[in-house]
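The values are calculated or read from the model by the stated rules, or taken from the named source; none is laboratory data. None of the values given here were measured: they were computed from a predicted structure. Backbone-built Cβ (ideal geometry, glycine too); neighbour counts: all protein chains shown.
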Amino acid sequence: MERELIWGKWYTPRTRILTHLFFWLVISTLYYLTYERMVGEYFWIFAVKDLIVTASLFYIASWIMPKWVSNGKIIPSLLFIIFSYFWWVTITYLDCKIAVYIIPKSEKNIYSYFQFFLEEGYFGLFRLDKTSDLILDFLFLVSLPLAPKLTKVIFDGAHRLTILERDKMELERDNLGLEKDKLSLERDNLQMELNILKSQISPHFVFNTLNSIYRMAEIQDTNTPKAILNLSNLLRHILYQTKDDKIFMSHEIQFLKGFIDLMSLRYRDSVKFEFNVQEVNEPYQIVPLILIPFLENAIKHGPDRSRKNAWIKLDLSIDDDILTYNISNSVNNFAEKHQYGGIGLQNVKRRLDIYYNDRYSLDIIQEEEYYAVFLKIKL
């Protein structure tokens, strides 16, 4: 597997058994050569004792140490080292207790070793002065057989950490890719929604305007041809000026003026239009057709319901990059009641949310005698 170290590819169960047998054969040979030179024919008493200690600690360490090291369990690992020392002292003490009955007392060098271990009993071996003398022997004994295993454990642990870190980076990269895909999908969905909203504007506007011209034609108004020409200019603006997400503010203002001119032809002197627009010199840009729905609604709920004392007032100014757009219209209390709003306002509110988010404020006031809209946009 990719996660295994390189020796994992050839370290089969059979190879593992043969490797262990060879390893312990080498260790046994070292013990034999060491103790045979020191104690002669009684070497086996010490060699067997050391093999019992090192083999038991080796396989216990093989079982528990990889889990502890990989999980960063330092305290259990330190406790195992302390246990190993107690285990070595215990086995050595028992070995000396047995050996005194086997080895002749004439072997004074060996007996002095036994005396060191036995003179103060088992618990005396854990006194501080005794421990300081024994600890080096213990470390020398266990370091040789345990060093290869500990080395493998450390390398395996480091390898696993490397794999985990790599997997973490891959996961973060995948999550980043998913996040990008999610953002791309959201952007596509938002663009689709905007396209739908924009596609609704033109038919809605054309329907309302054609309805106005139809009423003019119905009464054979002489201004009908001029109104149709004005509508043609407005449609040209919709067709060519609204393809982009933003247009110059001057173009949007010109469109508003054209629409008011068209409505003035229809209503003539029966409706008072007041159009106050500050001259815009800076190249400010705005979302196309974002202002016209409010003017359409002012006409729908004002003159379209009643022309008696009807009026529409529109104020537009820009100060410190803030567009202020206020529009109000008269309301006839005797006319049929309608809820202010409709598809046009729903559409424009959604577009304001998408394009300007927290950079706009919109207040709509409905009173008995007038409706008013107060819109501010940070351009």
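For this structure, a couple of remarks:
- Of everything in the stretch 15-39 that is charged (D, E, K, R) and surrounded by fewer than 12 Cβ atoms within 10 Å (Cβ to Cβ), the residue that is nearest to PRO104 (Cα to Cα) is ARG37.
- Extreme residue, nearest to the chain's Cα centre (by Cα), among residues of the stretch 164-187 that are modelled with pLDDT of 80 or more and of a type outside the set (D, E, K, R): LEU176
- Residue in the stretch 325-346 that is surrounded by fewer than 14 Cβ atoms within 10 Å (Cβ to Cβ), modelled with pLDDT of 85 or more and assigned to a loop (DSSP other than H, G, I, E, B) present: no
- Yes/no for LYS308 being among the basic types (Lys, Arg), in a loop (DSSP other than H, G, I, E, B) and at pLDDT 80 or above: yes
- Qualifying residues in the stretch 360-379 (those that are surrounded by fewer than 13 Cβ atoms within 10 Å (Cβ to Cβ) and part of a loop (DSSP other than H, G, I, E, B)) - the one modelled with the lowest pLDDT: GLU368
- When SER106 is tested against (1) part of a helix (DSSP H, G or I); (2) more than 19 Å from ALA47 (Cα to Cα); (3) modelled with pLDDT under 80, exactly one condition is not met: (1).
- Yes/no for TRP44 being modelled with pLDDT of 75 or more, in the same structural domain as LEU139 (by TED's automatic domain parsing) and among the aromatic types (Phe, Trp, Tyr): yes
- Pair list, Cβ under 8 Å, 6 or more apart: the stretch 258-269 residue among the small types (Gly, Ala, Ser), other residue part of a helix (DSSP H, G or I): GLY258/ASN230; GLY258/ASN233; GLY258/LEU234; GLY258/HIS237
- Count of the stretch 87-103 residues which are among the charged types (D, E, K, R) and assigned to a loop (DSSP other than H, G, I, E, B): 0
- Some residue of the stretch 60-82 being in contact with a Phe, Trp or Tyr (Cβ under 6 Å, 6 or more places away or on another chain) and either modelled with pLDDT under 70 or not acidic (Asp, Glu) (or both): yes
- Of the residues HIS301, HIS251, the single one that is of a type outside the set (Phe, Trp, Tyr), modelled with pLDDT of 80 or more and under 19 Å from SER212 (Cα atoms) is HIS301.
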